[in-house]
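Peer 1: Below you'll find the structure I mean.
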Amino acid sequence: MGSRLSQIRLAPRLAPWLLATAAAAFVASGAAAPTAASAATRHIRVMCYSDGNECPVTRDLAAEFMKSNPGIEVTIDEVPYSAILQSLPVQLAAGKGPDIARVTLFGNYSQYFLDLRPYLKDAKFWETTFGPTLDWMRKGPSDHGIYGLMTQLTVTAPIVDKTLFEQAKVPIPGPKATWDEWATAVEKVAKATGTEAGMAWDRSGHRFAGPAISYGAKYFDAKGEPAVVDAGFKAMAKRFYDWNLNGTVLKSIWAGQATGYRDAFNEFANGKIVMYYSGSWQLTRLLKLGNAFSWEFAANPCGPDACSGMPGGAAFVAFKETKHPHAVAAFLDFLAQPANYRTFSERTNNIPAELPLQKQVLDYKMPAEGKAALATLLHDAATLSPIAYHLQGYRFAGAIFGATADRIGQAIAGSMTLDQAYQRITQDIATAIATAKKK
């Protein structure tokens, strides 16, 4: 969801013949042969990508872990996010993957996950501390495994151009304001300041889902099967459609392309919109804007059912091909402990997925506006609907999000009616899920 800033090359692995040659040369040189203790050292490798500095911070924590666990050696291989998407599945399929990797899109890797539960000292601690995010890595309601550690929580939320509100002398809507009240307010600001549009949402079904849930969308039926286009979904879709057509929402974001994702950060940065509906992963980019204008994150707008955004994030997951499951579990359990997890969150400026920390004030090292933003986002994280958590963890959530954005976008563009879009969303999701199950 957020930008992938790391472009660091994957650390190469030494081929077995090269290791053997190096060992022979080592002995021939007269150096002492490896001791039994060193030969028994358990080596675990972690494939890691960074949005900012997550991998260097993990490396520092690994060094602390190894001090108290001398029989375990942890290597952090930092890679670009593209390697997680492209190289990691190939390695896992070949049985040559890492012991642990930091991933998103959990359904892409779930068949390779190691259940940590048998190797953890206190599985109940994980259940109570990480709660609903554990479900994101599970295969269904009957799966009670613990497969990984969420490294952070991302949250969708509005980003507001405070300068434009001040110029228009319009108050920013409060924490319990509805989406209708927000639409009225940003339209007033846009007209008063000559701004192109009141707001824009990232072209993403994930971004649409939080507002839809707030208006009553359930996304699933009583059996847990996708039932996306219900009355709540239509209530938000009709609003969003109308706002695009009357100019309240910048139409080009959703109508400007037939398929795929598009964000509206540049439009917000260039003063073309008053409010931008995106999420916490934009914070680093916002802090780089300087003093061009004042901005802030706002609480998620409300509907009759909720005031919810959508969660997301990345996790360190373990893989069942590891030769050292106890060591893998010990390292992830170390990272999960409150003091270590707090250190990780504060040093990486991330929202913690650890539930108790979401209610605490963390010592983030960033400017005042960044700290204020994270305080708002932490509040939003604590108010997310259970439906939002369930949807985010659903194995085929990508099919739902893709169909939503594509078909509603095409309706906004005028290539089909909204009723036709509803029909196509249902058909697209069913087809995508059937195709995926055949693989």
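The values are calculated or read from the model by the stated rules, or taken from the named source; none is laboratory data. Keep in mind the model is a prediction, meaning the values are calculated, not measured. Note that we place each Cβ from the backbone using ideal geometry, even for glycine, and neighbour counts take in every protein chain shown.
Peer 1: Could you check how many residues of the stretch 189-208 are touching a helix residue (DSSP H, G or I) at 6+ places or on another chain (Cβ under 6 Å) and part of a helix (DSSP H, G or I)?
Peer 2: Of the residues in the stretch 189-208, 6 are touching a helix residue (DSSP H, G or I) at 6+ places or on another chain (Cβ under 6 Å) and part of a helix (DSSP H, G or I).
Peer 1: Scan the stretch 181-190 and tell me whether some residue there is closer than 26 Å to residue 292 by Cβ, charged (D, E, K, R) and exposed (fewer than 15 other Cβ atoms within 10 Å of the Cβ).
Peer 2: So far as the stretch 181-190 goes, no, none of its residues is closer than 26 Å to residue 292 by Cβ, charged (D, E, K, R) and exposed (fewer than 15 other Cβ atoms within 10 Å of the Cβ).
Peer 1: With the checklist (1) assigned to a helix (DSSP H, G or I); (2) of a type in the set (A, V, I, L, M); (3) surrounded by fewer than 22 Cβ atoms within 10 Å (Cβ to Cβ) in hand, flag the one item residue 292 doesn't pass.
Peer 2: Checking residue 292 against (1) assigned to a helix (DSSP H, G or I); (2) of a type in the set (A, V, I, L, M); (3) surrounded by fewer than 22 Cβ atoms within 10 Å (Cβ to Cβ), the one that fails is (1).
Peer 1: Something else about it: If you take the residues in the stretch 366-402 that are hydrophobic (A, V, I, L, M, F, W, C) and surrounded by fewer than 19 Cβ atoms within 10 Å (Cβ to Cβ), which one is nearest to residue 216 (Cα to Cα)?
Peer 2: Only one residue tops the list, namely 382.
Peer 1: Conditions: (1) modelled with pLDDT under 95; (2) of a type outside the set (Phe, Trp, Tyr); (3) over 25 Å from residue 347 (Cα atoms). Residue 124 meets all but one. Number of the miss?
Peer 2: (1)
Peer 1: Quick check, is residue 229 modelled with pLDDT of 95 or more and either in a loop (DSSP other than H, G, I, E, B) or over 29 Å from residue 372 (Cα atoms) (or both)?
Peer 2: Criteria met by residue 229.
Peer 1: I've got another one for you. Could you tell me which numbered condition residue 52 fails, if it satisfies all but one of (1) surrounded by 21 or more Cβ atoms within 10 Å (Cβ to Cβ); (2) touching a Ser or Thr at 6+ places or on another chain (Cβ under 8 Å)?
Peer 2: (1)
Peer 1: Please verify whether residue 73 is among the charged types (D, E, K, R), under 24 Å from the mean Cα position of the chain (by Cα) and under 28 Å from residue 340 (Cα atoms), treating the condition exactly as stated.
Peer 2: No.
Peer 1: Which count do you get for residues in the stretch 76-102 that are under 21 Å from residue 326 (Cα atoms), touching a residue at least 40 places away in the same chain (Cβ under 8 Å), surrounded by 16 or more Cβ atoms within 10 Å (Cβ to Cβ) and not basic (Lys, Arg)?
Peer 2: Selection size over the stretch 76-102: 7.
Peer 1: In this structure, is residue 435 modelled with pLDDT of 90 or more, polar (S, T, N, Q) and within 23 Å of residue 104 (Cβ to Cβ)?
Peer 2: no
Peer 1: What pairs come out if I take residues in the stretch 259-283 that are among the basic types (Lys, Arg) and pair them with residues that are assigned to a strand (DSSP E or B) whose C-beta lies under 7 Å away, six or more apart or interchain?
Peer 2: Note: pairs meeting the criteria are 262/203; 272/197.
Peer 1: Filter the stretch 103-112 down to the residues that are over 14 Å from residue 47 (Cα atoms) and either under 18 Å from the mean Cα position of the chain (by Cα) or in contact (Cβ under 8 Å) with a residue 24 or more places away in the chain (or both) and list them by number.
Peer 2: 105, 106, 107, 108, 110, 112
Peer 1: OK, next. What residue, of 68, 82, 110, is over 25 Å from residue 348 (Cα atoms) and out of contact with any strand residue (DSSP E or B) (no Cβ under 8 Å at 6 or more places or on another chain)?
Peer 2: Going through 68, 82, 110 in turn, just one is over 25 Å from residue 348 (Cα atoms) and out of contact with any strand residue (DSSP E or B) (no Cβ under 8 Å at 6 or more places or on another chain): 110.
Peer 1: Here's another thing I want to ask about it. Quick check on my filter: what residues within the stretch 307-332 are surrounded by 23 or more Cβ atoms within 10 Å (Cβ to Cβ), within 30 Å of residue 267 (Cα to Cα) and at pLDDT 95 or above?
Peer 2: 308, 309, 310, listed by residue number.
Peer 1: Among the residues of the stretch 154-163, is there at least one that is assigned to a helix (DSSP H, G or I) and over 26 Å from residue 394 (Cβ atoms)?
Peer 2: Within the stretch 154-163, one or more residues are assigned to a helix (DSSP H, G or I) and over 26 Å from residue 394 (Cβ atoms).
Peer 1: Keeping to the stretch 340-365, report how many residues are outside any helix (DSSP H, G or I) and loosely packed, with under 15 Cβ neighbours inside 10 Å.
Peer 2: Count: 4.
Peer 1: Moving to a separate point now. Identify, from the list 286, 245, the residue that is in a helix (DSSP H, G or I), within 25 Å of residue 188 (Cβ to Cβ), within 21 Å of the chain's Cα centre (by Cα) and touching a residue at least 60 places away in the same chain (Cβ under 8 Å).
Peer 2: Result: 286 is the single residue among 286, 245 that is in a helix (DSSP H, G or I), within 25 Å of residue 188 (Cβ to Cβ), within 21 Å of the chain's Cα centre (by Cα) and touching a residue at least 60 places away in the same chain (Cβ under 8 Å).
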